[in-house]
Amino acid sequence: MKPKIKLVQTADGKNYLAPFILITTLFFLWGFAHSILDVLNKHFQDALSISKAHSALIQAVVYGGYFLMALPAGEIIRKYGYRTGVVTGLLLYGVGALMFIPGEEIMSFNFFLLSLFIIGCGLTCLETAANPYVTVLGERDSAERRINLAQSFNGLGWICGPLVGGLFIFTSDGEEGSVAMPYAIIGCVVLLVALFFSRIRLPEINVDAEAGEDTAGVAGKTKLWSHRNFVFGLIALFFYVAAQTGVNSFFINYVTEHSDITPREAALWLSFAGMGLFMVGRMAGSWVMGFISAEKMLAYVAIGAVISMVIVIFVGGYGALAAFLLCFLCEAIMFPTIFALAIKGVGEHTKRASSYLIMSIVGGAIAPVSMGFIADNLNMAAGFIIPLICYVVILAFAIDLIKKK
C-alpha cells in the first residue's frame, strides 16, 4: 500500500490520489474512441465498397484533428486550467459521437468523416490536459510509472472498443449491423461525464515556475527546443502513434486474408487477445519500472516489436497472429513512457511541450493511408514495413536516452 501512496504523493506530503483517480477515468474514454475505429475501417470497406486506402481516411481525420487542435487545446488549458480543457474535450467528443445517429440514415462517408474529426478534436483536448496532468500528480521520479498506470485504463478502453464495435457492427449471420448504436451510447455517457467534471474542482499544479511561462515569450519557446529528450521524444511519439494506428487499423484485414477467421472473430481477437495483452502490458510495465529504468524498458519492448513485425511481413499464417499478440504486449508501455521521458525536465514549458507532443499524434493519420496504398498495390503483409520502420526509430530514441544517462 505504501508504494501506491508515494506514487501520487509529492516530497512535501501533498496527496493527489483523488484527482489522479478522476483523471484516470478519462483514459478509458479515448481508448474506446480510438479502438472502435479499427472495426469501422473494415465495416466501411464492405458497406460502402471502398478501398483500404480510402477507408484509412477514418484514422486520418481523427488524427488530423490532433494536429490542428493541439495548440488551441494547449492555449485553453494554459488560460483556463486543466478542468476547462477536460470539459471542452468531453463536449466535442460527445457531440461528434451523437452525429453518428443521423449519419447512419444518410450513409455518407464524408459525413462520418466530419463526425470523427469532431471526436478527434475532443480527444485532443482530453489528452493535452490529462497526460501532463498525471505526470505532475506526485514526485517527478515516479512520473513514468504514474502515467503507465493511468494509461492501463486506456488499455481497458482499447479492449471494449473492438468488442462493442464488433458485436454491434458485425452480426453473427454476416450481415452489417448498426454503426450508430455504439456511438449513441458512448456519446450519452461522455456528455454525462462532462456534466460531472463541470461541477468539480481539479487542483491546478505549477511545475517549476510554470506560472511564468506566458511571459517567457520567444526566449521561452527557444529553450524548450533545446531539450534533446523533448525533440527526439516528439519524433519518437510521432512514429509510435503511426505504428500503433497502422497495426490496429489493418489487423482485421490481415487476419481475415491470411486465415479462415471471419471479421467478427477477428474483432474479438483484437479485443480480448490483442488489447487484453495491451492492458496487461501497461499494468505490468508500471510495476516493472520500479526495478528497471524506463529507458531500458523502452529499448527492450522496441526490440520485441521489431521482431514481431519481421514475422508478420515474412512468415504469415498463425505465426503472424502470435507475432501480432507479441507486438500488442510490447507496444503497451510505449506511448506513456515516451511521453513522460520527452516531457521530463522541461519545467515551465510543460503545458506547451504537451501541446506539441499531442500534435505529433498526427502520425496516426499518415501510416494507415500509406499502408492501405501499399496493400492495394502489393499485398497486406508488405504494408507492415511502415510499423517496422517506426519501431526502429523508437529503439533509436531509447538507446539515445540510455547513452545520455
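For region 282-298, a tally of residues being more than 13 Å from Lys405 (Cα to Cα) and part of a loop (DSSP other than H, G, I, E, B) returns 4.
The one condition from (1) out of contact with any Pro (no Cβ under 9 Å at 6 or more places or on another chain); (2) surrounded by 17 or more Cβ atoms within 10 Å (Cβ to Cβ); (3) closer than 22 Å to Trp30 by Cβ; (4) not polar (S, T, N, Q) that Ala284 does not meet is (2). On inspection, Asp208 qualifies as at pLDDT below 85, in contact with a helix residue (DSSP H, G or I) (Cβ under 6 Å, 6 or more places away or on another chain) and not in a helix (DSSP H, G or I). Of the residues Val247, Val301, the single one that is β-branched (Val, Ile, Thr), free of Cβ contacts under 8 Å to residues at least 40 places away in the same chain, part of a helix (DSSP H, G or I) and touching an Asp or Glu at 6+ places or on another chain (Cβ under 8 Å) is Val301.
Would you mind stating whether Gly96 is at pLDDT 85 or above and surrounded by 22 or more Cβ atoms within 10 Å (Cβ to Cβ)? The answer is yes for Gly96. For region 76-113, a residue qualifies if it is without any contact (Cβ under 8 Å) to a residue 40 or more places away in the chain, over 19 Å from the mean Cα position of the chain (by Cα) and assigned to a helix (DSSP H, G or I), and the qualifying residues are Lys79, Tyr80, Thr84, Pro102, Glu105, Ile106, Asn110, Phe111.
Identification of helices (runs of 4 or more DSSP H) wholly contained in region 331-387 with 2 or more residues that are modelled with pLDDT under 90 and out of contact with any strand residue (DSSP E or B) (no Cβ under 7 Å at 6 or more places or on another chain) yields 334-343, 350-359, 363-377. Scanning region 10-29 for residues that are touching a Ser or Thr at 6+ places or on another chain (Cβ under 9 Å) and not in a helix (DSSP H, G or I) yields a total of 1.
The values are calculated or read from the model by the stated rules, or taken from the named source; none is laboratory data. Just so it is clear, the structure is predicted and the values come from calculations on it, not from any experiment. Cβ sites come from the backbone with ideal geometry, for glycine too, and all protein chains shown count toward neighbours.
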